[in-house]
Amino acid sequence: MGSDLTFSSRRSPVVCLHGCVASSQPLASTVGLDVLKRGGNAADAAVAVAAALAVTEPCSTGLGGDAFCLFYDGHTGEIRGINGSGRSPQALTLDLLEGRGHTEKAPPSVFDALNVTVPGAPACWCDAVQLFGSQKLSLQEVLGGAVELAEEGFPVAVVTAHHWENWTTVLRSNGKDLGEDLLIDGHAPRCGQVFKNTSLAQTIKELGEHGKPAFYQGRVAQAIVDVVNENGGVMTLEDLSSHDSEVITPISTTYKCVRLWELPPNSQGLVALLLLNILENFPQLKAGGHNSSDYIHVFVEAVRLAQTDAFRYLGDPAHATIPLDNLLDKSYSHQQAQHISMDRAMKCVQPGLTTGSDTVYFCVIDSQGNACSFVNSTYMGFGTGLVPKDCGFSLQNRGANFSLCREHINCVAGGKRPYHTIIPALLTDSSTKPQKPRLLAAFGVMGAFMQPQGHIQVLLNMMEFGMNPQQAVDAPRVFVQYDPKADEWLVNLEEGIDQEVAVELRRRGHTVTWPVTGPGRSQFGRGQIITVGDWWNLFNTQGGSPSRVLWAGSDPRADGCAQGY
């Protein structure tokens with residue numbers, strides 16, 4: 001298939017038998033692989049990777065952010081998830097914001113302390129090990145690799161150094177004394193420079209020794225409350241101590257002979273499923289070839305429809321009723337598909353929220369057939385840039401995704417989870433028979449509102465165009481976003497997509513940016529994928545076989561790699 005691609009795969013997929021880890025940082029992948037070799041399972045290894053990435057990519061993830069995971073039990077075939085997103089402080093109400101002069105048209109800065117929601121990642125890590133782990137390794141042993149990286153230091157990788165530097169202004173704006181744990185003499189570390197974070201090492205060590213109370217009570221909790229309130233926020237110790245993860249049942253849809261599993265609201269996994277359901281109504285999808293003008297046009301229009309529905313209906317299900325069954329009904333997606341004309345872009349599709357994000361996604365499959373699909377994020381770089389004293393991490397700004405419209409399902413309120421962008425995914429066969437569904441892949445693509453778009457592009461790259469996992473994450477992508485200032489949808493095309501395609505899309509009425517090159521390619525997300533067998537070959541002339549061989553790919557838009565044994 002590689003000869004058909006304008007953007008050739010840069011490396012071959014990793015193939016292995018006993019276990020595999022794919023993440024955006026090689027040192028983190030190594031930490032996860034070590035946990036597998038010491039008897040841990042996929043969940044244990046995923047948490048080890050999450051903690052290691054908190055050390056090596058603090059400009060994308062950390063203990064001050066949120067996490068979600070999906071876990072496939074290789075023995076029973078059961079799929080469960082953890083919603084590790086935090087809630088807003090109880091005192092954060094629309095009345096409070098309006099009293100401070102904030103409105104829908106004049107919200108707080110995205111970096112305002114008012115946007116700090118309770119960090120859910122540490123609880124998610126603890127719960128994932130307790131609920132899904134092998135029970136052969138303690139939490140302290142699982143987190144040991146991250147502690148070692150933080151104490152001894154690590155050389156900062158190329159892409160991470162770039163993003164670290166980009167986001168340092170957020171740390172500096174809150175005072176050097178707040179961000180010093182994450183800087184070297186007030187500056188971001190250079191590529192290849194060794195960085196240590198002894199404060200973070202201590203925080204992770206305490207979490208390993210004492211579990212959730214070490215974070216949500218005591219020293220760390222007090223430091224969080226202090227820095228938030230000193231900067232105008234309203235978080236309390238009660239907000240932190242009352243936090244719990246939520247064990248959830250994932251939602252899914254079928255496409256041909258596979259089933260895609262995503263997390264339910266407040267996660268935007270719904271968008272990926274809506275998008276896939278709409279695209280199912282276009283059987284001619286691959287006729288023009290990969291990233292042809294017809295293919296991209298239909299994809300863009302489907303994204304606009306799916307994303308608009310999500311902005312309208314998606315929020316915290318504890319605060320509103322979300323019509324999931326109706327939205328995921330195939331007849332509804334068929335109706336939605338009728339709005340798409342092959343000749344012209346739609347004119348009237350109104351969305352709501354739009355902002356950017358930095359996130360890490362990673363996945364693990366172990367020798368027992370368990371899989372863990374995991375995503376962890378502080379949202380926009382270092383989030384608010386607020387760093388609790390002597391803790392070594394920054395606090396997220398997830399509250400920036402709340403609406404300030406009183407009638408909106410996602411309107412800000414105390415103790416509420418905001419619309420959440422981060423989504424892990426799993427893929428199984430679509431069998432509805434009593435026996436367990438067969439695991440096909442654990443995968444994801446990080447990057448705010450790019451994530452569901454990335455999920456579907458990677459999936460279709462394999463199913464419609466026969467790409468192997470590495471080719472599927474290498475291939476140039478499309479990112480559809482809404483610009484509220486210009487009141488228009490933008491279609492961003494990565495380098496490697498033909499100029500003629502950009503010209504034709506403009507003719508059909510799309511506002512196109514082409515080609516997006518260099519560091520700007522980060523907007524297309526950073527994906528990881530591990531498949532069980534080469535099942536994607538079933539959709540092309542090579543045949544394919546459902547073997548136990550693991551195939552893995554890691555996105556060239558990040559520093560990472562897949563490793564197996």
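If you check Q470 against the conditions, is it of a type outside the set (D, E), modelled with pLDDT of 95 or more and over 24 Å from M346 (Cβ atoms)? Answer is yes for this residue.
Within region 150-171, track down each residue that is of a type in the set (D, E, K, R) and in contact (Cβ under 8 Å) with a residue 40 or more places away in the chain. Break it down stepwise before answering.
Step one: list which residues in region 150-171 are of a type in the set (D, E, K, R), which gives 151-152, 165.
Correct list: E151, E152.
The set of residues from region 529-565 being in a loop (DSSP other than H, G, I, E, B) and at pLDDT 90 or above comprises G533, D534, V549, D555, P556, R557, A558, D559, G560, Y565. Looking only at residues in region 77-119 that are of a type in the set (K, R) and surrounded by fewer than 18 Cβ atoms within 10 Å (Cβ to Cβ), the one that is nearest to the chain's Cα centre (by Cα) is R80.
Among all positions in region 37-45, there is no residue which is closer than 19 Å to S522 by Cβ, in a helix (DSSP H, G or I) and either in the same structural domain as C126 (by TED's automatic domain parsing) or without any contact (Cβ under 8 Å) to a residue 60 or more places away in the chain (or both). When F449 is tested against (1) modelled with pLDDT under 95; (2) surrounded by fewer than 24 Cβ atoms within 10 Å (Cβ to Cβ), exactly one condition is not met: (2).
Quick check on region 56-67. Is at least one of its residues under 16 Å from I248 (Cα atoms) and in contact (Cβ under 8 Å) with a residue 12 or more places away in the chain?
If we filter region 56-67 for residues that are under 16 Å from I248 (Cα atoms), which is where we start, we get 66-67.
From what is left, the residues that are in contact (Cβ under 8 Å) with a residue 12 or more places away in the chain are 66-67.
Yes: region 56-67 contains one or more residues that are under 16 Å from I248 (Cα atoms) and in contact (Cβ under 8 Å) with a residue 12 or more places away in the chain.
When residues in region 449-466 are screened for being of a type in the set (A, V, I, L, M) and farther than 20 Å from S23 by Cα, 2 of them pass. Taking into account only those residues within region 173-198 that are within 26 Å of the chain's Cα centre (by Cα) and assigned to a helix (DSSP H, G or I), which is modelled with the highest pLDDT? By that ranking, first place goes to L182.
Yes or no: W164 more than 30 Å from N410 (Cβ to Cβ), under 24 Å from the mean Cα position of the chain (by Cα) and of a type in the set (A, V, I, L, M, F, W, C)? Answer is yes for this residue. Look at S377 and say whether it is hydroxyl-bearing (S, T, Y), part of a loop (DSSP other than H, G, I, E, B) and touching a strand residue (DSSP E or B) at 6+ places or on another chain (Cβ under 7 Å). Spelling it out, it is not the case that S377 is hydroxyl-bearing (S, T, Y), part of a loop (DSSP other than H, G, I, E, B) and touching a strand residue (DSSP E or B) at 6+ places or on another chain (Cβ under 7 Å).
Just to be sure before I move on: is G74 in contact with a strand residue (DSSP E or B) (Cβ under 9 Å, 6 or more places away or on another chain) and not in a helix (DSSP H, G or I) in the structure I sent? Yes: the conditions hold for G74.
Within region 286-315, the set of residues being crowded, with 18+ Cβ neighbours inside 10 Å, at pLDDT below 95 and in a loop (DSSP other than H, G, I, E, B) comprises L314, G315. Looking only at region 392-431, residues that are of a type in the set (A, V, I, L, M, F, W, C), surrounded by 23 or more Cβ atoms within 10 Å (Cβ to Cβ) and part of a loop (DSSP other than H, G, I, E, B) come to 6 in all.
The values are calculated or read from the model by the stated rules, or taken from the named source; none is laboratory data. Just so it is clear, the structure is predicted and the values come from calculations on it, not from any experiment. Don't worry about glycine lacking a Cβ; one is built from the backbone with ideal geometry, like all the others, and counts go over all protein chains shown.
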